[in-house]
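Structure first, then comments.
None of the figures in this text is laboratory data; all of them are computed from the coordinates on show. The structure presented is a predicted model; accordingly, all values stated were derived computationally and were not measured. Here the Cβ is made from the backbone with ideal geometry for all residues, glycine too, and neighbour counts use every protein chain on show.
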Amino acid sequence: MITITGATGQLGNSVINFLIQKGVSSSEITALARSVEKAEPLKAKGVNIKTGNYDDLASLVEAFKGTDKLLLISGNEMEKREQQHINVVNAAKEAGVKHIFYTSLQRKTDSADSPIGFVLSAHLNTEKIIQESGMSYTILRNNLYMDMLPWVLGQNVVEAGIFYPAKDGEVAYTMRDDMAEAAANVMMSDGHEGKEYNISNGHSLSFGEVAQHLSAVTGKEVKYISPDVAVYKDTLMNAGMPEVAVDMLAGFAMGASAGELVAGDTDLPGLLGREPVNYKTFLDAIYTQK
Ligand code: NAP
């Protein structure tokens, strides 16, 4: 049995779709969901549903019984997720899970003090407890979702230009679905015990390059301005964006400018058996229709 946490979310749902598409019987897949209602579409595909919450150890132990392979998809409740991940790992051990897979974060520096420490810290600690858990493990270090790039660029990017304090920094943005397919491939094949993979595009993208590409495909001059971080934050706050979102956008910009989010040695093409979707394909599909 393969159990997927975060199954009602975008990445987990996509992993399940790839597993089924690639030949795993839906009856061999269990989705952990905290909302029975949100799990209905998965149930309709024949996937087993177990209710459980990362905050509730007993519910996790019960849900993981009979699981050989468990994919822990990192949680999205930033304040609580480190303890939630500890609960998942402890429950997996108690339930007799043989192999745990974890979606972590790709980075250049293994330090909670780096500019991306605000998200990296929980991943570093989760990786450590998984490595010391005694279970077989595989760590999938995902770079940033390319799917979120339009949010970073802002609504009227073609008219207004790019206003983002990343300087010349680069990010190896990668489609969520490519990450999901790689996770499915890893769980369906042998030889991944103790492995730590970088899951990203091979090309690291600067915002200057995004501006150049958008200019070329739209025929309008799209400028890239990298403001001071404080100016950027004030501008977004004054426009009414919640502080938590502003901090996240600014934090990743600082991570990019420090070189924390570049591709490095990526394992993704090898795990997919093809090149991942590149930024031109992604941007053209969105911005050339306008
Ligand atoms: P998502 O759509 O927000 O899905 C998160 C999933 O986690 C949902 O299924 C959610 O359940 C579940 N979850 C959250 N708290 C839980 C809890 N206490 N107990 C049980 N389940 C819980 O996120 P995604 O796009 O699939 O991404 C997966 C993860 O990647 C995120 O959670 C986050 O850690 C990380 N992330 C990465 C990037 C990146 O650029 N690499 C960007 C954003 C997030 P519900 O459906 O019930 O809410």
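Restricting to bridges with both residues inside the chain, how much of the DSSP beta-bridge set is antiparallel, in percent to the nearest 5? Bridges in the chain that DSSP calls antiparallel: roughly 5 percent. Note on the range 91-249: Cα-only Rg and Dmax are 18.8, 59 Å.
A Cβ-based charge dipole, computed about the Cα centre of the range 166-290 with Lys and Arg at +1 and Asp and Glu at -1, lands at about 540 debye.
Once the Cα atoms are used to define both axes, helix 176-188 deviates from the longest principal axis of the chain by about 30 degrees. Per residue, the average separation of C-alpha pairs within less than 8 Å and at least 6 apart gives the range 22-87 a relative contact order of 25 percent.
Applied to the range 86-92, the Karplus parametrisation 6.51 cos²θ - 1.76 cosθ + 1.60 on θ = phi - 60° returns per-residue 3J(HN,Hα) values of 4, 4, 5, 5, 4, 5, 4 Hz, with x for Gly and Pro. Note that the range 196-208 has calculated 3J(HN,Hα) couplings of 10, 10, 8, 10, 7, 4, x, 9, 8, 9, 9, 6, x Hz, one per residue in order, obtained from phi through the Karplus relation 6.51 cos²θ - 1.76 cosθ + 1.60 (θ = phi - 60°); glycine and proline are x.
For the range 161-255, the set of GluC sites (Glu not before Pro) satisfying both a DSSP loop assignment and a count of at most 15 other C-beta atoms within 10 Å is given as 193, 221.
Annotation: amide H-H contacts under 5 Å for residue 101 (H modelled 1.01 Å from N, sequence separation of 5 or more, or interchain): 70, 71, 72, 138.
For the range 265-277, putting each phi into the Karplus relation 6.51 cos²θ - 1.76 cosθ + 1.60 with θ = phi - 60° gives couplings of 8, 8, 9, 5, x, x, 6, 8, x, 6, 6, x, 4 Hz, in residue order, rounded to whole numbers and with x for Gly and Pro. Across the range 22-118, the convex hull enclosing all Cα atoms gives 128 Å³ per residue.
Magnitude of the Cβ-charge dipole of the chain, K/R +1 and D/E -1, about the Cα centre, nearest 20 debye?
580 debye
Projecting the Cα atoms of 25, 90, 78 onto the dipole axis of the range 3-108, where Lys and Arg carry +1 and Asp and Glu carry -1 at the beta carbon, places 25 farthest toward the positive end.
Run the numbers on the chain and let me know its relative contact order in percent, using alpha-carbon pairs under 8 Å that are six or more apart. Can you show the working numbers first?
Values: 547 pairs, mean separation 51.9, N = 290.
Rounded, it is 18 percent for the chain.
How many percent of Cα pairs in the range 93-181 exceed 22 Å?
Numbers: 1691 of 3916 pairs.
Every Cα pair in the range 93-181 considered, those over 22 Å come to 43 percent.
Close amide H contacts of residue 196 (hydrogens built in the peptide plane, cut-off under 5 Å, sequence separation of 5 or more or a different chain): 139.
Within the range 45-151, list the GluC sites (Glu not before Pro) lying in a DSSP loop whose Cβ has at most 15 other Cβ atoms in a 10 Å radius. Show your work: numbers first, answer last.
On the way: sites: 62, 77, 79, 82, 94, 127, 132; in loops: 77, 79, 132.
Within the range 45-151, the qualifying GluC sites (Glu not before Pro) (loop, at most 15 other Cβ atoms within 10 Å) are 77, 79, 132.
Cross-link check: pairs 38/195; 38/167; 45/128; 45/280; 50/80; 50/108 evaluated at a Cα-Cα cut-off of 29 Å; pairs beyond the cut-off: 38/195; 38/167; 45/128; 45/280; 50/108. Taking the longest Cα principal axis of the chain as reference, the axis of helix 10-21 is set at about 60 degrees. Helices in the chain, meaning DSSP H runs of at least 4 residues, each add -39500 (n - 2.57). Divided by all residues, the mean residue ellipticity at 222 nm is -13000 deg cm²/dmol.
Here the relative contact order of the range 207-290, from alpha carbon pairs under 8 Å that lie six or more residues apart, stands at 30 percent. From the alpha carbon centroid of the range 181-229 to that of the range 92-117 is 20 Å. Does the range 203-290 come out rounded, prolate or oblate by the C-alpha gyration tensor, with a ≥ b ≥ c the root eigenvalues, rounded set by a/c under 1.5 and, if not, prolate when a/b is larger than b/c and oblate if not? Cα axes put the range 203-290 in the oblate bin.
Take the Kirkwood radius over Cα pairs of the chain, plug it into Stokes-Einstein at 4 °C and 1.567 mPa s, and you get 65 µm²/s for translational diffusion. Scanning residues 5 or more positions from residue 225 or on other chains, those with amide H under 5 Å from its amide H are 162, 163, 164, with H placed 1.01 Å from N in the peptide plane.
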